Each structure stands twice: as structure tokens, then as C-alpha cells.
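Written out below as C-alpha cells is the structure these notes cover.
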Amino acid sequence: MKRRNFFQTSLGAAGAVLASTTVQARPNLEPAPQAVGMLFDSTLCVGCKACVSKCKEVNHMPPVAMGKDTHADFALDLSFATHNVIKIYTSGDGSKKDQEQNGFAFEKRSCMHCVDPGCVSVCPVTALTRDPVTGIVNYNADVCIGCRTCMTGCPYNVPQYDYNNALGEIHKCEMCNQKGLERITKGGMTGCAEACPTGATLFGTRTALLEEAKRRLALKPGQVYKYPMGDVRKPDSFHEKVIPQYKNHVWGEKEAGGTNVMHISAVSFDKLGMPPLGERSHASISEGVQSTLYSYMALPALALGGLGWVVKRNTEVANKEGGDKS
Ligand code: SF4
Ligand code: SF4
Ligand code: SF4
């Protein structure tokens, strides 16, 4: 077979493979059957950071000190020593709470416990897993190889690497349910929800929390409402406050396939630093591409087989012609 014919035939086969390849995204995963989560209501948050302290206490994490002589926690962002942080949005003179103009608002940052988690999807060794019953996204340091791929798979920049640990380790909120703690499995609630003095961080099932969020959004601004505190299914107390002018948006109901930790606010989420996300989960797209490419690996093999047949046929013809001449 001449070199030019070989390239022509190869390109033709490759073109046929590409033409017949359509990348299929798999559907988003559905919430786990008994998914638990949290609802953060920014309008209830007073920025006291009791949730940050409780998170550190429960998870045995050190304070992030500012200077050598301070022992208080000054964590400004998530890190290997901080699984939960309260951030602030300010505008203009910052005088009015929960207003976009000349106002301020608080926003909680911790793992969102995605329904279809990108970190789980990209981890090459299943060190990150979604609990099939509760939907909690857990981490197993014994399995982790420290490759940090999960950091690229998370749209919220949540997994944090401990660069001081010679073995390398990822840190993130595991909803206070990791091995040895298991607050949720034992019938308790998350540390941050338990400590919150206003109910801004509320624990419960995803279904009950979503109902509670929609109830608040449907109420008339100015009306007094008794906000449940602790666990939405069995509140230990209530916090009375007037309903603010909420944005009609439950963050996490649908974003990137949904999350078990959801947020509501009177300030738009882009101002609070949430990433722009569609409804399709990143995991569903990337796993769809992978599975399509792997399934189409059969086609190059078929193309190679076809080329082999052409070479064999041409060789036989050439031999025959050579034989006829002699
Ligand atoms: S927020 Fe990030 S770390 Fe948490 S479950 Fe989602 S992808 Fe994973
Ligand atoms: S659920 Fe637990 S680990 Fe997660 S932010 Fe709250 S206290 Fe911290
Ligand atoms: S404990 Fe509650 S009110 Fe205080 S900072 Fe945390 S979420 Fe806000």
C-alpha cells in the first residue's frame, strides 16, 4: 500500500469515527433518598461567627492567628484549618443590612454537599464519596493520594490542601459526620446549626429545608415570622423577626444539579460571590464525555482492522501481479 493511500484511508476512517461520535451527557444525579443538609438564611445572620468557632471545636481545628501573640481565630477564608467561614458584602457607606446599595450582608462558606458532586466525580481513587442515603460528601484520608484533582472539580473552591502535612491531606466540611464524630448518624445536628443563635444556619432534611426556604420567600415582607432554630423538623426554639425583601431564589435548589446546603438572601448571589452556574452538574457532563470517548475507543480498533484488511488485499494483488510477470 502506498504511503499516500495509507494516509487517505486512515484519515477517511478517522473522519467516519468523528462524524459518528456525538458526546452524550448523562443526567444529573437525583438527591439521595434521605438527603440531609442546611439552609443558610443570610438575612438572619448577624456575623457573630459562633458557627465558625463551633466548627473548629467540633472538628478539632486550630485557630488561624493574626500575628504571633494572638490566639483568637481570624480566618478570612477556607483552609486546612477552617471548614466554615463567614464573609461580608459591603456597598457604598455600608449602613443598611441586607441591602445592595449602601448596605451589607453576610454569606457563609462551607462545603455545599452537592447532589452530583464534582469533587467525587474527578477523584481518581474514590477518596471522596457521596453517602448513598444521606447525600453527605465524605473524605477518606487513608485512600487519598494527595493529587489535588478534587480542588479542580469543585465549583465552590471548597477542598483545601494541607501543604504542611508531609503526606498531603484534603480538608473540607463533612457535615460533622466523619468517622469518629458521626453527629448526624447518631441523630444529632451539625455543630454550626446547633451554635447559631438566630437560626441563620438551620439543619434538616433537604426536602424540609427546601419547603422552609420557599415558605419564607412566599411570605409578605414586613410580616412577623417565627424562624425555627436548630433542626427544622424539631426546632428547639424560634427567632421572631419580620420577613425581609428576599430575592426569589433558593441557591442550591438547581445550581449545578443542586446542593444539600442551600442559601437564601435579600442580596443577589453574584454580589455574595457565588459562581455563575447552570443547572447541569459538571460531573454529568464530564462523565458523559469520558464514557462516550471510552465507548468509541472500539471504533479506532475497527478502523485499524479495516486498514489491515486493505493492506493485506493490496499485498495479495501486488504479489499476484509480480507472479504473473515472472
Ligand atoms: S461544594 Fe465542592 S467539595 Fe463540596 S461536595 Fe460540592 S464539589 Fe464537593
Ligand atoms: S457542618 Fe460541621 S464541619 Fe461543616 S461547617 Fe458546619 S460545623 Fe463545620
Ligand atoms: S452563628 Fe449564625 S448568626 Fe452567627 S455568624 Fe454563624 S450563621 Fe451568622
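The values are calculated or read from the model by the stated rules, or taken from the named source; none is laboratory data. From a predicted model like this one, the values you see are computed outputs, not experimental measurements. All Cβ positions, glycine included, derive from the backbone under ideal geometry; neighbour counts span all protein chains shown. With ligands, DNA and RNA removed, areas are computed over all heavy atoms of the protein, side chains included. Shrake-Rupley method; radii C 1.70, N 1.55, O 1.52, S 1.80 Å.
Just a few scattered comments:
- Every listed requirement among (1) of a type in the set (K, R); (2) without any contact (Cβ under 8 Å) to a residue 12 or more places away in the chain; (3) within 15 Å of ligand 2 (Cβ to nearest atom) is met by K108 save one, (2).
- Residue within region 74-90 that is in contact (Cβ under 8 Å) with a residue 60 or more places away in the chain, away from ligand 2 (no atom under 14 Å from the Cβ) and touching a strand residue (DSSP E or B) at 6+ places or on another chain (Cβ under 6 Å) present: yes
- When the residues of region 123-178 are filtered to those that are open to solvent by 50 Å² or more (accessible area, probe 1.4 Å), in contact with a helix residue (DSSP H, G or I) (Cβ under 7 Å, 6 or more places away or on another chain) and not polar (S, T, N, Q), the one that is farthest from ligand 1 (Cβ to nearest atom) is P124.
- Pairing each residue of region 196-220 that is farther than 13 Å from D41 by Cβ and within 16 Å of ligand 1 (Cβ to nearest atom) with any residue that is part of a strand (DSSP E or B) and open to solvent by less than 30 Å² (accessible area, probe 1.4 Å), provided the two are 6+ apart or on different chains, yields C-beta distances under 7 Å for R206/V36; R206/G37.
- Reported count of residues in region 230-250, each being in contact with a strand residue (DSSP E or B) (Cβ under 7 Å, 6 or more places away or on another chain) and either β-branched (V, I, T) or closer than 14 Å to T43 by Cα (or both), is 8.
- Those helices (runs of 4 or more DSSP H) of region 133-221 in which 3 or more residues are away from ligand 3 (no atom under 16 Å from the Cβ) occupy 149-153, 206-218.
- Residue check, G92 part of a loop (DSSP other than H, G, I, E, B), open to solvent by 40 Å² or more (accessible area, probe 1.4 Å) and of a type in the set (G, A, S): yes
- When residues of region 70-88 are limited to those that are over 16 Å from Q160 (Cβ atoms) and over 22 Å from the mean Cα position of the chain (by Cα), the one most open to solvent (accessible area, probe 1.4 Å): H71
- Residue match in region 212-224 (condition: open to solvent by 20 Å² or more (accessible area, probe 1.4 Å), touching a strand residue (DSSP E or B) at 6+ places or on another chain (Cβ under 8 Å), of a type in the set (K, R) and farther than 22 Å from G278 by Cβ): no
- Any chance Q245 is farther than 30 Å from S121 by Cβ and either among the small types (G, A, S) or not in a strand (DSSP E or B) (or both): yes
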